[in-house]
Every structure is written in C-alpha cells, then in structure tokens.
1. Identify the residue in the range 61-107 that is among the small types (Gly, Ala, Ser) and touching a residue at least 40 places away in the same chain (Cβ under 8 Å) and, among all such residues, is most open to solvent (accessible area, probe 1.4 Å).
2. Name the residue that is modelled with the lowest pLDDT, counting only residues in the range 29-60 that are open to solvent by less than 30 Å² (accessible area, probe 1.4 Å) and of a type in the set (Phe, Trp, Tyr).
3. Considering only residues that are surrounded by 14 or more Cβ atoms within 10 Å (Cβ to Cβ), out of contact with any Phe, Trp or Tyr (no Cβ under 9 Å at 6 or more places or on another chain) and either in a strand (DSSP E or B) or polar (S, T, N, Q) (or both), which ones fall in the range 210-230?
4. Quick one: in the range 112-139, of everything that is acidic (Asp, Glu) and within 26 Å of residue 182 (Cα to Cα), which residue is modelled with the lowest pLDDT?
5. With the condition being of a type outside the set (Ser, Thr, Tyr) and closer than 21 Å to residue 235 by Cα, I'd like the strands (runs of 3 or more DSSP E) fully within the range 67-163 carrying at least 3 qualifying residues.
6. Considering the range 178-193 alone, what residues qualify as being within 17 Å of residue 224 (Cβ to Cβ) and in a strand (DSSP E or B)?
7. Restricting to the range 136-188, and then to whatever is within 26 Å of residue 42 (Cα to Cα), touching a Gly at 6+ places or on another chain (Cβ under 9 Å) and of a type in the set (S, T, N, Q), can you tell me which residue is least open to solvent (accessible area, probe 1.4 Å)?
Amino acid sequence: MKKFNKLFIILLCCVGAMSVTSCLNSDGDSGLSDEEREAYTKEIAGPYWGGGGKYTNMLLFTNEDLPDDKNNPYKVDTLRTNINGTLYTAPADVTDALPTFVINGVPGSILAKELDENEHKWLKGALEQAPSKSIEGTYYVTNVYGSIIYLSCMTKNIEYKGLEYEGETHDVTIKFYNATLGNYYVADLHKVVVIPMLMAVIEIDGGKEIVEIYNTSWGQGDKYNAALMQIVLCS
C-alpha cells in the first residue's frame with residue numbers, strides 16, 4: 001500500500017481540477033433528457049482494466065495508521081491490487097432497469113479493516129482470509145457540469161456463504177448505504193470513474209449478530225471516513 005500525494009487525491013476525488021478534460025460538452029444544466037442520459041451512460045460504459053502509471057485501478061480508504069503528513073492530511077491510503085471492473089448500460093428489454101457495474105478483486109482485508117481484532121476476532125480473521133470478492137451495483141447519471149458526469153451509485157450487499165475460520169462456519173452479509181455520489185471524467189485520454197462505497201453494517205447468520213460500521217448519526221465524521229471506500233477505475 002502506498003500513500004497518495006495531496007495533489008493526486010484532489011485530482012481523483014475533487015473532480016473540478018483544471019487538468020481534467022472530456023470530450024463531452026455540457027451547459028451545466030442538470031435537467032437531462034432521456035436521450036442525453038442514455039448518451040452519457042454509453043460514454044461511461046465499458047471495461048476498466050487500468051491505464052497504467054497513475055491511472056492504475058485502485059482502492060482509496062482512510063488508514064489511521066499512516067503518520068501525520070502535510071501532503072496527506074486525510075490519511076488516504078491506496079491499495080493497488082488486481083481490481084478491475086466493467087460498467088454496463090441498462091438492458092434495453094427491461095423496463096425501468098438501471099445501468100450496472102461490477103468490481104472484481106476487492107480483498108476481504110479491506111472490508112474487515114474497521115473490525116476490532118479482539119472484539120470481533122472471528123469475523124475479522126475470516127474476512128481477511130476470504131478470497132477477493134466481486135461487488136455489484138447500479139448507477140444513474142444525475143448531473144453533468146462542465147466536463148464531469150455525476151453518478152448516483154447503489155452498491156448491493158456482499159454475501160459470504162459458509163465462511164470458515166478457526167473451526168467455525170457462518171454466513172456473513174456486508175450492507176452498504178445507498179446512494180453515494182460518484183463521478184466520471186476523462187484525463188490525459190484516460191477514462192476515469194470513481195465509485196464510492198459506504199459500509200453500514202455486517203450481519204452474521206441472517207442478523208443474529210450485527211456489527212455496526214457507520215449509522216449516519218451527526219458527529220460521526222471519523223466513522224464516516226472509516227466506512228468509506230472509493231473504487232477508482234481507469235481505462
């Protein structure tokens with residue numbers, strides 16, 4: 001894992017950066033027609049295998065173990081693994097269907113990072129040893145301002161059936177808050193899409209045990225930062 005410098009964090013997450021360019025034109029009007037929304041969705045859709053260099057696919061998250069650094073005041077860490085993904089358009093033969101996304105290669109260690117190793121020893125250990133997961137969801141083009149396309153992203157539950165650790169077997173479900181605000185842009189001829197995922201709770205055996213990650217209560221900024229993951233995909 002590596003730290004990001006502040007400038008690149010701003011480029012990826014605060015997408016108003018001057019260096020961001022796009023082949024899409026917009027007058028800033030958020031009242032998109034169905035035809036415009038369909039055209040933007042087609043522009044976004046496609047495989048994202050990573051473009052190389054700083055446009056490698058990655059997962060951004062808060063890592064409190066990082067030292068205080070003026071170049072990284074938010075302690076944002078990046079995991080560069082075999083993450084890849086595909087964004088699809090909505091199926092034409094399904095009424096009111098939304099376009100979908102699939103993210104491959106998300107490691108269980110990231111999903112378990114906020115679990116206390118003493119309080120939730122079994123769950124943390126089981127997720128850390130579990131194989132990488134594919135995460136699915138839907139998205140919707142909400143607004144276009146300048147060269148940035150904004151997306152409402154809805155992440156589906158992650159299911160682990162029969163998760164084993166230290167002789168115990170349980171079913172585990174990770175649930176997320178919907179919807180989160182993602183975005184798409186083009187920079188240096190690379191397509192870039194950012195899909196935030198905000199973990200809510202982890203349920204064991206259909207809710208017999210529930211581990212809260214973040215409950216949206218006021219004044220829980222630290223928990224919000226801990227629960228937030230941002231998938232960055234590049235073409």
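1. If we take residues in the range 61-107 being among the small types (Gly, Ala, Ser) and touching a residue at least 40 places away in the same chain (Cβ under 8 Å), then 90 is most open to solvent (accessible area, probe 1.4 Å).
2. 55
3. Of everything in the range 210-230, just one residue is surrounded by 14 or more Cβ atoms within 10 Å (Cβ to Cβ), out of contact with any Phe, Trp or Tyr (no Cβ under 9 Å at 6 or more places or on another chain) and either in a strand (DSSP E or B) or polar (S, T, N, Q) (or both), namely 211.
4. Taking the range 112-139 first, the residues acidic (Asp, Glu) are 114, 116-117, 119, 128, 136.
From what is left, the residues that are within 26 Å of residue 182 (Cα to Cα) are 114, 136.
On the way: 114: 87, 136: 97.
Ranking the candidates gives 114 first.
5. Fully inside the range 67-163 and qualifying: 84-87, 100-106, 133-145, 148-155.
6. The answer is 180, 181, 182.
7. Filtering first and then ranking leaves 155.
The values are calculated or read from the model by the stated rules, or taken from the named source; none is laboratory data. All figures in this text were calculated on a predicted structure; none of them were measured in a lab. Here Cβ is always computed from backbone atoms with ideal geometry, including for glycine, and neighbour counts include all displayed protein chains. What goes into the accessible areas is simple: the full protein's heavy atoms, side chains included, and nothing from ligands, DNA or RNA. Shrake-Rupley method; radii C 1.70, N 1.55, O 1.52, S 1.80 Å.
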